[in-house]
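The values are calculated or read from the model by the stated rules, or taken from the named source; none is laboratory data. Here the structure is a predicted model, which means the values were calculated and not measured. Positions of Cβ are generated from backbone atoms using ideal geometry, with glycine treated the same way; all protein chains shown enter the neighbour counts. We work out accessible area using only protein heavy atoms, side chains counted, and drop any ligands, DNA or RNA first. Shrake-Rupley method; radii C 1.70, N 1.55, O 1.52, S 1.80 Å.
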Amino acid sequence: MNRLFNFSAGPAALPTEVLEIAQSEMLDWHGKGLSIMEMSHRSAEFVSVAEGAEQDLRDLMNISDDYAVMFLQGGATSQFGMVPMNLSQGGKVSYINTGVWSKKAIKEAKRFADVSIAASTESSNFCEAPLQSDLSIDSTANYLHYTTNETIGGVQFDYIPDAGDVPLVADMSSDILSAPVDVSRFGLIYAGAQKNIGPAGLTVVIARKDLLGNPLSTAPTMYDYAVHAAEGSMHNTPPTLAWYLSGLVFQWIKRQGGLSAMAELNHRKASKLYAAIDASDFFANPVAVRNRSIMNVPFTLADSALDKAFLTESEEAGLLNLKGHRSVGGMRASIYNAVPEAAVDALIDFMADFEKRRG
Ligand code: PMP
């Protein structure tokens with residue numbers, strides 16, 4: 001077996017231990033004579049897996065009974081539409097624009113609601129998040145939406161916006177489970193699974209129950225949160241394999257010591273990588289220090305003509321998927337929960353060596 005270090009932004013690295021458990025259970029799940037993905041989603045066996053995963057997520061994030069936890073499909077992109085379909089009442093909504101993913105969410109919301117922009121960092125090239133004092137939130141808006149971590153720009157909020165009585169909605173796709181978060185501050189949280197949760201194909205939604213049940217009359221049944229919440233995310237056939245694997249990841253995070261332990265490790269990994277970038281004139285990261293993401297670290301080389309060589313040689317050194325997003329170029333190291341500290345150490349060593357040889 002030869003598992004290399006994987007810095008992919010998503011689908012991303014999964015804990016090897018989780019894959020080993022899945023492998024050992026693949027053909028015959030718990031002596032039942034079939035795999036988990038061959039079972040009915042309504043079987044007692046799968047329901048126990050599904051409920052266990054939900055409980056483990058509730059434990060990890062300290063989610064109270066005031067919130068519904070849903071395991072849906074369609075990716076975070078579907079949530080860009082599902083949120084306004086369910087929470088906007090067709091009226092006013094407010095969005096913070098911090099980059100590519102917020103922009104996509106705003107574009108979809110405009111189909112259903114009257115969108116105002118509470119703040120945008122576009123004029124500073126999306127290299128920071130706005131300060132609380134920069135936010136102008138319409139107090140009559142039905143919610144305020146923001147992206148906690150811009151996966152492409154590598155810009156992460158260092159605080160939870162205070163929206164007063166306006167429910168706060170967060171796209172946490174790329175930093176959910178990376179650190180403890182006070183869920184009670186949010187009306188709704190959503191996240192595509194393929195970074196810190198599990199494999200692609202699953203989207204987790206955590207929603208305050210009192211906000212549900214008032215979708216646009218034109219919203220299809222599959223886009224009504226209340227239906228999914230009432231039916232345990234089994235209105236139709238859920239992505240059972242992805243749900244099961246995500247449950248194994250939740251158990252793995254618990255074994256690592258939960259979200260505070262993950263946060264400590266993630267901060268250590270990110271700090272040393274940013275320190276290496278800052279210590280060199282050859283590598284650079286443009287993001288304001290307070291908003292540097294602990295999950296996605298974009299960086300450029302002083303001479304972009306060397307990008308190709310950097311990518312080829314890093315891959316030869318066993319460091320995979322360091323190419324930056326096609327919209328921005330350069331490099332990006334995604335260092336999610338399952339990326340071990342040894343991977344970051346190996347990357348830093350490679351960068352120093354590359355600079356010495358080519359810089
Ligand atoms: N929001 C953020 C912050 C993301 O990083 C992504 C995917 N990289 C998405 C939304 C879209 O997710 P999906 O591909 O699951 O629709």
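Run Gln55 past the list (1) of a type in the set (S, T, N, Q); (2) over 22 Å from Asp162 (Cα atoms); (3) within 12 Å of the ligand (Cβ to nearest atom) and report the number of the one that doesn't hold. Answer for Gln55: the failing condition is (3).
Residue count for region 66-80 under the criterion of being more than 15 Å from Phe186 (Cβ to Cβ) and away from the ligand (no atom under 11 Å from the Cβ): the result is 1. When Ser233, Ser246, Ser260 are checked against the criterion of being of a type in the set (Gly, Ala, Ser) and touching a strand residue (DSSP E or B) at 6+ places or on another chain (Cβ under 6 Å), a single residue qualifies: Ser233.
Regarding Val297, is this residue assigned by TED's automatic domain parsing to the domain that holds Val344, surrounded by fewer than 19 Cβ atoms within 10 Å (Cβ to Cβ) and of a type outside the set (Gly, Ala, Ser)?
Working: assigned by TED's automatic domain parsing to the domain that holds Val344: yes; surrounded by fewer than 19 Cβ atoms within 10 Å (Cβ to Cβ): no; of a type outside the set (Gly, Ala, Ser): yes.
Taking the combined requirement at face value, the residue does not satisfy it.
Glu264 falls short on exactly one of the conditions (1) assigned to a loop (DSSP other than H, G, I, E, B); (2) open to solvent by 10 Å² or more (accessible area, probe 1.4 Å); (3) more than 21 Å from Glu20 (Cβ to Cβ), and that condition is (1). In the set (1) more than 25 Å from Leu248 (Cβ to Cβ); (2) buried (at least 16 other Cβ atoms within 10 Å of the Cβ), Ile335 fails one condition alone, (1).
From the set of residues in region 1-13 that are within 16 Å of the ligand (Cβ to nearest atom) and part of a loop (DSSP other than H, G, I, E, B), which is least open to solvent (accessible area, probe 1.4 Å)?
Initially, region 1-13 is screened for residues within 16 Å of the ligand (Cβ to nearest atom), giving 6-13.
From the residues that got through so far, the ones that are part of a loop (DSSP other than H, G, I, E, B) too are 7-13.
On the way: Phe7: 1, Ser8: 19, Ala9: 17, Gly10: 33, Pro11: 87, Ala12: 16, Ala13: 17 Å².
Ranking the qualifying residues of region 1-13, first place goes to Phe7.
A quick yes/no check of all residues on (1) within 16 Å of the ligand (Cβ to nearest atom); (2) of a type outside the set (Lys, Arg); (3) at pLDDT below 95:
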site: Ile189; (1), (2), (3): yes, yes, no
site: Leu216; (1), (2), (3): no, yes, no
site: Pro220; (1), (2), (3): no, yes, no
site: Ala229; (1), (2), (3): no, yes, no
site: Pro239; (1), (2), (3): yes, yes, no
site: Trp243; (1), (2), (3): yes, yes, no
site: Arg268; (1), (2), (3): no, no, no
site: Tyr274; (1), (2), (3): no, yes, no
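Tallying residues that are in contact (Cβ under 8 Å) with a residue 12 or more places away in the chain and assigned to a helix (DSSP H, G or I) within region 303-359 yields 22. Listed by first and then second residue, the pairs linking a residue in region 21-44 that is within 14 Å of Trp243 (Cα to Cα) to a residue that is charged (D, E, K, R), with Cβ atoms under 9 Å apart and 6 or more places separating them unless they lie on different chains, are Ser35/Glu25; Ser35/Asp28; Ile36/Glu25; Ile36/Glu45; Met39/Lys32; Met39/Glu45. Taking strands (runs of 3 or more DSSP E) as the structural unit, no element lying wholly within region 88-169 holds at least 2 residues that are within 12 Å of the ligand (Cβ to nearest atom) and open to solvent by 20 Å² or more (accessible area, probe 1.4 Å).
Pairs are defined by a Cβ separation below 7 Å, a sequence spacing of at least 6 or placement on different chains, a first member in region 75-87 that is buried (at least 22 other Cβ atoms within 10 Å of the Cβ), and a second member that is of a type in the set (S, T, N, Q); the pairs so defined are Ala76/Ser173; Ala76/Thr203; Gln79/Thr203; Leu87/Asn142. Pairing each residue of region 159-186 that is farther than 20 Å from Gln132 by Cα with any residue that is modelled with pLDDT of 95 or more and open to solvent by 50 Å² or more (accessible area, probe 1.4 Å), provided the two are 6+ apart or on different chains, yields C-beta distances under 6 Å for Pro180/Ser260.
Scanning region 194-217 for residues that are surrounded by 20 or more Cβ atoms within 10 Å (Cβ to Cβ), in a loop (DSSP other than H, G, I, E, B) and of a type in the set (A, V, I, L, M, F, W, C) yields a total of 3. What pairs come out if I take residues in region 257-271 that are closer than 13 Å to Tyr336 by Cβ and in contact (Cβ under 8 Å) with a residue 40 or more places away in the chain and pair them with residues that are open to solvent by 10 Å² or more (accessible area, probe 1.4 Å) and hydrophobic (A, V, I, L, M, F, W, C) whose C-beta lies under 7 Å away, six or more apart or interchain? Sorted first by the residue in region 257-271, then by its partner, the pairs are Met262/Ala179; Ala263/Ala179; Asn266/Ala179; Asn266/Ile294; Ala270/Ile294.
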